[in-house]
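The structure under discussion appears below in the form of structure tokens.
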Amino acid sequence: MTTTPDATRVLDIATGYMASQQLFQASRIGLFAAIADGADTVPALAATTGVSERIARILADAMTGQGLLTRADGVYALTPDAAAYLTGSSAQLDLAPFLAFLGEISYPHWLQFPRTVDTTEPGELAMDDARWGTFMAGVMTYNALHAQEFGRLVDLSGAENALDFGGLSAGFALEVMARNPALHTTFLYAPGFEAGVAEAVAEAGVADRATVATGETATTRPEGAYDLVLANHVIHRFSAEENAQIFRNLRAAASAGATLTVLDFFLDEDAEQRGIDALHAGEYLVIDGTIVYPESEVRGWLEDAGWEVREKIALPASPRVLIATAV
């Protein structure tokens, strides 16, 4: 049997911005929260969200077509995914701040992508206080999703003395600490992060099992003999040479047999490329010039530094994690 080509996949990709823009606006006007609260018809959605019935129908039908809602006899209902992530205060994790970041910061920035393609230079962020607020709220919400999936799928039980090094969010270590009541963690972050880390530690109720310290991520040589080291959302922010040195510094601070986690997006070199990682290679470049590295290159830094990768876990809708052992 010969497969007959058609343009469906091409058009799905080419028109993807239409779906994303309608998702951003459905989230902004509170469409999903309205359905969760019982406004499940076009007139009810229009009245609750404050838009016209025409707009309510367009957005509700679009989200039905994308699999976030169902529709039967003019009545809309949430799918489990939408209920978990799009319904505001009733959500398991409200992704609205991240969608606002995508719609207000990332999407307009991608309009500069042709220049990035021609020059390999990031776009101009042109940030003010309000845009920085949207930026940080979105990034930290996305990190919260990553941390949730990290805690759920990466088994780090049995560790007693952890180092959370140079990341962007304390949430990863806090998820591990919640599952390991005997675990003490040293949070070693770049200067300027310590207040936010200390606040997150206090809110999690683990201040008696935590130490917060500062040091420049690219050059600091941690002291100790840790049996668990977290280097999550670190490597895309540094050069290859800096990353190689970071892993050497972390190996010097780890006991034999210690576990290291490296969470980030990676490029593949076999026949299959995980889509979300490749997309973020463009996102990181156009936003601020940071790098999604090939996984093989990261594995090379680890091996040279005395770490042996034993497992790779792809987190749903999130980065991947390389899990290595100190040898």
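The values are calculated or read from the model by the stated rules, or taken from the named source; none is laboratory data. Everything quoted here is computed from the prediction, not taken from an experiment. Positions of Cβ are backbone-derived with ideal geometry, glycine not excepted, and every protein chain shown enters the neighbour counts.
LEU230 - would you say it is within 23 Å of VAL292 (Cβ to Cβ), within 24 Å of the chain's Cα centre (by Cα), assigned to a strand (DSSP E or B) and of a type in the set (A, V, I, L, M)? Write out each step before concluding.
Working: within 23 Å of VAL292 (Cβ to Cβ): yes; within 24 Å of the chain's Cα centre (by Cα): yes; assigned to a strand (DSSP E or B): yes; of a type in the set (A, V, I, L, M): yes.
Yes, satisfied.
Just give me the residues in the stretch 270-302 being assigned to a loop (DSSP other than H, G, I, E, B) and either in contact with a strand residue (DSSP E or B) (Cβ under 6 Å, 6 or more places away or on another chain) or within 25 Å of ALA326 (Cα to Cα) (or both), in sequence order.
VAL292, TYR293
Can you tell me which residues in the stretch 87-103 are closer than 18 Å to GLY16 by Cβ and of a type outside the set (Gly, Ala, Ser)? Spell out how you get there, then give the answer.
Our first condition is that a residue be closer than 18 Å to GLY16 by Cβ; within the stretch 87-103, this holds for 95, 98-99, 101-103.
Within the stretch 87-103, LEU95, PHE98, LEU99, PHE101, LEU102 meet the criteria.
Restricting the stretch 54-107 to residues that are touching a strand residue (DSSP E or B) at 6+ places or on another chain (Cβ under 7 Å) and aliphatic (A, V, I, L, M), which is surrounded by the fewest Cβ atoms within 10 Å (Cβ to Cβ)?
It comes out as ALA77.
Being of a type in the set (D, E, K, R), within 20 Å of ASN143 (Cα to Cα), in the same structural domain as VAL286 (by TED's automatic domain parsing) and crowded, with 18+ Cβ neighbours inside 10 Å is the requirement here; does ARG237 meet it?
yes
Taking the stretch 138-152 on its own, how many of its residues are out of contact with any Phe, Trp or Tyr (no Cβ under 7 Å at 6 or more places or on another chain) and surrounded by 13 or more Cβ atoms within 10 Å (Cβ to Cβ)?
Of the residues in the stretch 138-152, 8 are out of contact with any Phe, Trp or Tyr (no Cβ under 7 Å at 6 or more places or on another chain) and surrounded by 13 or more Cβ atoms within 10 Å (Cβ to Cβ).
Please state which of the following conditions THR141 fails to meet, knowing it meets all the rest: (1) in contact with a strand residue (DSSP E or B) (Cβ under 6 Å, 6 or more places away or on another chain); (2) closer than 23 Å to ALA84 by Cα.
Of everything listed in (1) in contact with a strand residue (DSSP E or B) (Cβ under 6 Å, 6 or more places away or on another chain); (2) closer than 23 Å to ALA84 by Cα, THR141 misses just condition (1).
Look at ASP270 and say whether it is at pLDDT below 95, surrounded by fewer than 16 Cβ atoms within 10 Å (Cβ to Cβ) and in contact with a Leu (Cβ under 8 Å, 6 or more places away or on another chain).
So ASP270 fails the test.
Does the stretch 129-151 contain at least one residue that is over 20 Å from the mean Cα position of the chain (by Cα) and farther than 22 Å from LEU168 by Cβ?
no
Kindly indicate whether LEU250 is out of contact with any Ser or Thr (no Cβ under 9 Å at 6 or more places or on another chain), surrounded by 16 or more Cβ atoms within 10 Å (Cβ to Cβ) and assigned to a helix (DSSP H, G or I).
yes
Would you confirm whether any residue within the stretch 284-301 is farther than 30 Å from PRO114 by Cα, surrounded by 13 or more Cβ atoms within 10 Å (Cβ to Cβ) and in contact (Cβ under 8 Å) with a residue 12 or more places away in the chain?
yes
In the stretch 161-179, is there at least one residue being assigned to a helix (DSSP H, G or I), in contact with a Lys or Arg (Cβ under 7 Å, 6 or more places away or on another chain), buried (at least 19 other Cβ atoms within 10 Å of the Cβ) and in the same structural domain as GLY196 (by TED's automatic domain parsing)? Spell out how you get there, then give the answer.
Keep residues of the stretch 161-179 that are assigned to a helix (DSSP H, G or I), which gives 171-179.
Subset that is in contact with a Lys or Arg (Cβ under 7 Å, 6 or more places away or on another chain): 177.
Cutting the leftovers down to buried (at least 19 other Cβ atoms within 10 Å of the Cβ) gives us 177.
Among the residues that remain, those that are also in the same structural domain as GLY196 (by TED's automatic domain parsing) are: 177.
Yes, there is a match, as at least one residue in the stretch 161-179 is assigned to a helix (DSSP H, G or I), in contact with a Lys or Arg (Cβ under 7 Å, 6 or more places away or on another chain), buried (at least 19 other Cβ atoms within 10 Å of the Cβ) and in the same structural domain as GLY196 (by TED's automatic domain parsing).
Consider VAL321 carefully, then state whether it is under 21 Å from ALA147 (Cβ atoms), at pLDDT 95 or above and assigned to a helix (DSSP H, G or I).
no
Testing ALA256 on (1) in contact (Cβ under 8 Å) with a residue 40 or more places away in the chain; (2) surrounded by 14 or more Cβ atoms within 10 Å (Cβ to Cβ), one condition comes back false. Which one is that?
The failed condition is (2).
Is the stretch 184-206 home to any residue that is surrounded by fewer than 21 Cβ atoms within 10 Å (Cβ to Cβ), part of a loop (DSSP other than H, G, I, E, B) and touching a helix residue (DSSP H, G or I) at 6+ places or on another chain (Cβ under 9 Å)?
Taking every residue of the stretch 184-206 in turn, at least one turns out to be surrounded by fewer than 21 Cβ atoms within 10 Å (Cβ to Cβ), part of a loop (DSSP other than H, G, I, E, B) and touching a helix residue (DSSP H, G or I) at 6+ places or on another chain (Cβ under 9 Å).
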